[in-house]
Structures are given as C-alpha cells and as structure tokens.
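Below you'll find the structure, written out as structure tokens, and then a few comments.
The values are calculated or read from the model by the stated rules, or taken from the named source; none is laboratory data. Model, not experiment: these values are computed from the prediction. Here Cβ is always computed from backbone atoms with ideal geometry, including for glycine, and neighbour counts include all displayed protein chains.
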Amino acid sequence: MVLYNQRGFTLIELMIVVAVVGILTAIAYPSYTAFIQKSRRGDAIATLADFRIEQEKWRANNITYATSTASLGLSGSSRDGYYTMAIVSAGSSAYQVTAAPAGAQSTDTCGTFAIDENGPDYSGSNADADCWER
C-alpha cells in the first residue's frame, strides 16, 4: 500500500477563502471611496481660499471684484483637478466663487462648494458646514 503525502488546498477551502475576501472587499470598498472623496474636498477648500485671496487683491487695486478666473491669474480647475472653479457673480461689493466636483469626485455627496466675500457660503444646494470640515 502506497500512501501519498498530499499537500495543497481543496477546492472547498479555496472557495471559502475567495468568499471571505469578497465579503471583506464589499465592506471595505465603500468606506475607502468615502475616505478618498473626503480627502479630495481639501482640494476645493484650498483652491477657494486662493480665489478669495486673489479677489481681495484685485478689489484693492480696482473698483470691483474680478469677473473671470483669467483676470485673477487662476485656472478654471482646482489645484489637483477634482473641481471646476467658476466665478458665479462679481460686483463692486460682492462676489461668489464655486467649486463643482468633476471627474472622479463627481459622485461626492457634498456637491458644490461656494465662497463669497464673507467666507464659506452654505446657502441653497451648496456644501454644508460638515462638508467644510476635513
């Protein structure tokens, strides 16, 4: 009688491991993507701060706030490209700049960030105060 010393995994053991990995992935992936989206919000916040500084510089030298991103020497996208920047309104005493999520960030639940001459704008459909916290 010949005995074979068998090594390795059975098909059942392999299927159990694949199932466990699948379950862990299904649980972890949504948390991971939410974490990534939250970290990308800093891109909008930092770029809006740049816009706010540049608008105040522009207003110090002119009688109104700038109406275009090109006037401020800034581009139409955020630093890392996750948001599309736009000057929605500008006048002699007020302005509003928005950062709309783009590309991979477009599914973020916070949506559009906005600032005006007084700071973050939480009104309407803009991102609320919780979204501004990192």
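Taking the conditions exactly as written (more than 18 Å from C131 (Cβ to Cβ), out of contact with any Gly (no Cβ under 8 Å at 6 or more places or on another chain) and in contact (Cβ under 8 Å) with a residue 12 or more places away in the chain), does T10 satisfy them or not? No; evaluated as a whole, the condition is false for this residue. When A44 is tested against (1) of a type in the set (A, V, I, L, M); (2) more than 30 Å from T67 (Cα to Cα); (3) under 15 Å from the mean Cα position of the chain (by Cα), just one condition goes unmet, and that condition is (2).
Of the residues making up the range 73-104, those that are among the aliphatic types (A, V, I, L, M) and closer than 18 Å to G119 by Cα are M85, A86, I87, V88, A90, A94, V97, A99, A100. Of everything listed in (1) part of a helix (DSSP H, G or I); (2) of a type in the set (G, A, S); (3) closer than 15 Å to I45 by Cα, the single unmet condition for A70 is (3). Evaluation of I27 against the conditions (1) in contact with a Pro (Cβ under 8 Å, 6 or more places away or on another chain); (2) exposed (fewer than 12 other Cβ atoms within 10 Å of the Cβ) shows that the sole unmet condition is (1). Residue count for the range 85-125 under the criterion of being charged (D, E, K, R) and touching a Pro at 6+ places or on another chain (Cβ under 9 Å): the result is 1.
Listed here are the residues, each with its yes/no results for (1) of a type in the set (A, V, I, L, M); (2) surrounded by 14 or more Cβ atoms within 10 Å (Cβ to Cβ); (3) touching a Ser or Thr at 6+ places or on another chain (Cβ under 7 Å).
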| site | (1), (2), (3) |
| --- | --- |
| A90 | yes, yes, yes |
| A94 | yes, no, no |
| V97 | yes, yes, no |
| A100 | yes, yes, yes |
| Q105 | no, yes, no |
| T112 | no, yes, yes |
| E117 | no, yes, no |
| A127 | yes, yes, yes |
| E133 | no, no, no |
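R134 falls short on exactly one of the conditions (1) closer than 30 Å to P30 by Cβ; (2) of a type outside the set (A, V, I, L, M, F, W, C); (3) part of a loop (DSSP other than H, G, I, E, B); (4) at pLDDT 90 or above, and that condition is (4). Among residues of the range 74-107 being assigned to a strand (DSSP E or B) and more than 16 Å from A46 (Cα to Cα), the one that is farthest from the chain's Cα centre (by Cα) is A90. Residues in the range 110-130 that are β-branched (V, I, T) and without any contact (Cβ under 8 Å) to a residue 24 or more places away in the chain: T112 only.
Does any residue of the range 46-61 turn out to be free of Cβ contacts under 8 Å to residues at least 24 places away in the same chain and β-branched (V, I, T)? The answer is yes, given that some residue of the range 46-61 is free of Cβ contacts under 8 Å to residues at least 24 places away in the same chain and β-branched (V, I, T). The set of residues in the range 30-68 that are more than 22 Å from E117 (Cβ to Cβ), surrounded by 12 or more Cβ atoms within 10 Å (Cβ to Cβ) and polar (S, T, N, Q) comprises T33, Q37.
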